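Each remark here refers to the structure printed beneath this line.
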Amino acid sequence: KYRLLYEQNNDLVGWIRIDGTGIDYPVMQMPSNPDYYLKHSFEKTWSDYGVPYVDGSCTVGVSNNLIIYGHNMKNGTQFSDLKKYLSTDFRNSHKKIEFQTKGGVRIYTVIDIKKTDIYDEIYNQINPQDDTLILSTCYGSAKSDRLIVIAKEAKANA
């Protein structure tokens, strides 16, 4: 489905989509420069918006646990809609996260949300036991504040 996009930029590792949000984006990864897409567009030009990207310690298709970073933009784009998960009603009615890669579509179920700080133990020692997807965005007034959404892969027949 995303073959033409991959041909435009082979750093494309997947596509993330969450119903009920504006989150419907390509997901990038440049292993030689893990934070490259923090400030670069899909076209590899400088951009304050960046593009959601996978943590450098994760390998899509190999790692069971993935961390995807995206900006919390004031204009409502990127991962700003993750704030909606702070509402229990929203969280209960929008549990599914879809992440499509070359290996197929993986469906995750949101199991937790946390407001944290990059200096907090929980942020630096997340060690999930199951196949997990963690979405991370800035949140709050301090540069180190983060909002993370934790989702567990929904296994067939589980």
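Would you point out the residue of the stretch 1-20, among those that are in contact with a Phe, Trp or Tyr (Cβ under 9 Å, 6 or more places away or on another chain) and closer than 21 Å to Lys74 by Cβ, that is least open to solvent (accessible area, probe 1.4 Å)?
Residue satisfying both the conditions and the ranking: Ile16.
Can you give me the number of residues within the stretch 128-145 that are open to solvent by 50 Å² or more (accessible area, probe 1.4 Å) and modelled with pLDDT of 85 or more?
Residues in the stretch 128-145 being open to solvent by 50 Å² or more (accessible area, probe 1.4 Å) and modelled with pLDDT of 85 or more: 2 in total.
On the basis of being at pLDDT 95 or above and open to solvent by 30 Å² or more (accessible area, probe 1.4 Å), does Glu98 make the cut?
Taking the combined requirement at face value, the residue satisfies it.
Among the numbered conditions (1) open to solvent by 50 Å² or more (accessible area, probe 1.4 Å); (2) assigned to a loop (DSSP other than H, G, I, E, B); (3) more than 23 Å from Thr116 (Cβ to Cβ); (4) touching a strand residue (DSSP E or B) at 6+ places or on another chain (Cβ under 9 Å), tell me where Met30 comes up short.
(1)
Anything in the stretch 71-99 that is under 12 Å from the mean Cα position of the chain (by Cα) and in a strand (DSSP E or B)? List them, or say none.
Hits for the stretch 71-99 are Asn72, Gln78, Ile97, Glu98, Phe99.
How many residues are closer than 26 Å to Thr109 by Cα, touching a residue at least 24 places away in the same chain (Cβ under 8 Å) and not hydroxyl-bearing (Ser, Thr, Tyr) if we restrict to the stretch 27-57?
9
Does Ile68 count as within 16 Å of the chain's Cα centre (by Cα), within 16 Å of Leu147 (Cα to Cα) and exposed (fewer than 15 other Cβ atoms within 10 Å of the Cβ)? It would help to see each step written out before you state the result.
Details: within 16 Å of the chain's Cα centre (by Cα): yes; within 16 Å of Leu147 (Cα to Cα): yes; exposed (fewer than 15 other Cβ atoms within 10 Å of the Cβ): no.
No, not satisfied.
Please count how many residues of the stretch 33-46 are surrounded by 15 or more Cβ atoms within 10 Å (Cβ to Cβ) and part of a loop (DSSP other than H, G, I, E, B).
4
Taking the stretch 52-65 only, how many residues are crowded, with 16+ Cβ neighbours inside 10 Å and out of contact with any Pro (no Cβ under 6 Å at 6 or more places or on another chain)?
Counting residues in the stretch 52-65 that are crowded, with 16+ Cβ neighbours inside 10 Å and out of contact with any Pro (no Cβ under 6 Å at 6 or more places or on another chain) gives 6.
The values are calculated or read from the model by the stated rules, or taken from the named source; none is laboratory data. These numbers were taken from a predicted model, which means no experiment stands behind them. Virtual Cβ from ideal backbone geometry, glycine too; neighbours counted across all protein chains shown. Protein only, heavy atoms only, side chains kept; ligands, DNA and RNA dropped before computing areas. Shrake-Rupley method; radii C 1.70, N 1.55, O 1.52, S 1.80 Å.
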